[in-house]
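Q: Please read through the structure below; I'll follow up with questions.
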Amino acid sequence: MTTARGALLAVLASGAASLLATPAQAEDREYCPQRPGLGTPACTIAPGRISVETALTDWTLDTSPEERSDVIEAGETIVRIGVSNGIEAQVGFTPFGRSRKRDTATGDIAVVSGVGDVQLGVKANLMNPDGDGLSIAVEPFVTLPTGRHDVGAGNWGAGFGVPVNYGLSDTVKLEVTSEVDAAVNDSGSGRHFAALEVVGVQVAVTQALNAIVEGAVRRDDDPSGKTTQVYASSALAWRVSNHLQLDLGAIAGLNSAASRIELYWGISRRF
């Protein structure tokens, strides 16, 4: 826990120092939150800017013949700090999560609640950091086990993502995110290979309202059982102002290995 807090404070301090050192570099680049949806945009936050993006409530339902699982997270947040024209630092954390599992055979209920894990990452844009035209980025990250098992992963993990966006027209954008992970085993001890592929389309319904439709496949080689999970996702993002966005979305599992459904809503604010 002490190591995780120290790493978190170090990243925040580094980001704050960068902002103080280059206040004149703040730009009026169009705001591009990472919320909502399963994929990740390739654009980065302009230097001298900070984006705070929060899932106000996120509920996930998973069912199997053996048990029903409900997970509720409140306040899951990512802070993105613009360090240079194409690089941002990221700190993600979940202040509260609650897992409730009910055994379908016995009716026994197990409830765990507490804080979640911390995620530290960097996004480096390789082409068009404002997200216009063809935009490509790389995004390595690591998760620190600050949360309890069932709310957090129970151990450290890591991953590497490559988001790619391409504007098909003034109103339609194609988004692809590829990710590989050293994911924590379900037991909480050790790690295994996992991969995620997301393909989506973002459509500007109006100047302020965007609709996102996505499909995703996740391969998870957990020692307890290898699975391939298939998802469909839809979301709406409403740009209230140049610096504020509200969103809501739903994710549906399309096969038995995937979670049944996930519902969320959130807010993003640029400073």
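Q: Specify the residue that is surrounded by the most Cβ atoms within 10 Å (Cβ to Cβ); the eligible residues are those in region 33-73 that are β-branched (Val, Ile, Thr) and in a loop (DSSP other than H, G, I, E, B).
A: Once the filter is applied, the top-ranked residue is THR44.
Q: Right, next: Might you check whether a residue that is in a strand (DSSP E or B), more than 22 Å from ASP247 (Cβ to Cβ) and not charged (D, E, K, R) occurs anywhere in region 202-215?
A: Of all residues in region 202-215, those in a strand (DSSP E or B) come to 202-204, 209-215.
Those still in the list that are more than 22 Å from ASP247 (Cβ to Cβ) too: none.
Scanning region 202-215 turns up no residue that is in a strand (DSSP E or B), more than 22 Å from ASP247 (Cβ to Cβ) and not charged (D, E, K, R).
Q: Here's a follow-up. Does any residue of region 85-103 turn out to be touching a helix residue (DSSP H, G or I) at 6+ places or on another chain (Cβ under 6 Å), assigned to a strand (DSSP E or B) and at pLDDT 95 or above?
A: In the first step, residues of region 85-103 are kept if they are touching a helix residue (DSSP H, G or I) at 6+ places or on another chain (Cβ under 6 Å); the result is 89, 91.
Still in the running and assigned to a strand (DSSP E or B): 89, 91.
After this cut, where a residue has to be at pLDDT 95 or above as well, the list is 89, 91.
There is at least one residue in region 85-103 that is touching a helix residue (DSSP H, G or I) at 6+ places or on another chain (Cβ under 6 Å), assigned to a strand (DSSP E or B) and at pLDDT 95 or above.
Q: While we're on this one: Tell me yes or no: at least one residue of region 218-227 is within 16 Å of the chain's Cα centre (by Cα) and in contact (Cβ under 8 Å) with a residue 60 or more places away in the chain.
A: No: region 218-227 contains no residue that is within 16 Å of the chain's Cα centre (by Cα) and in contact (Cβ under 8 Å) with a residue 60 or more places away in the chain.
Q: How many residues, within region 74-101, are more than 21 Å from ILE50 (Cα to Cα), buried (at least 17 other Cβ atoms within 10 Å of the Cβ) and more than 17 Å from the chain's Cα centre (by Cα)?
A: 2
Q: Another one. Looking at ILE136 and the list (1) more than 18 Å from ARG29 (Cβ to Cβ); (2) hydrophobic (A, V, I, L, M, F, W, C); (3) in contact (Cβ under 8 Å) with a residue 40 or more places away in the chain; (4) in contact with a Leu (Cβ under 7 Å, 6 or more places away or on another chain), which single condition is not satisfied?
A: So the condition that ILE136 fails would be (1).
Q: Quickly run through region 126-172 and pick out the residues that are at pLDDT below 95, surrounded by 18 or more Cβ atoms within 10 Å (Cβ to Cβ) and within 19 Å of ALA211 (Cα to Cα).
A: Correct list: GLY131 only.
Q: A further question on this structure: In the set ASP186, ASP222, ASP247, which member is within 27 Å of LEU56 (Cβ to Cβ) and either in contact with a Lys or Arg (Cβ under 7 Å, 6 or more places away or on another chain) or surrounded by 15 or more Cβ atoms within 10 Å (Cβ to Cβ) (or both)?
A: Values: ASP186 fails: within 27 Å of LEU56 (Cβ to Cβ); ASP222 fails: within 27 Å of LEU56 (Cβ to Cβ).
Residue meeting the stated conditions: ASP247.
The values are calculated or read from the model by the stated rules, or taken from the named source; none is laboratory data. Since we're looking at a predicted model, the values are computed, not measured. Because the Cβ atoms are built from the backbone with ideal geometry, glycine has one as well, and the counts that use them run over all protein chains shown.
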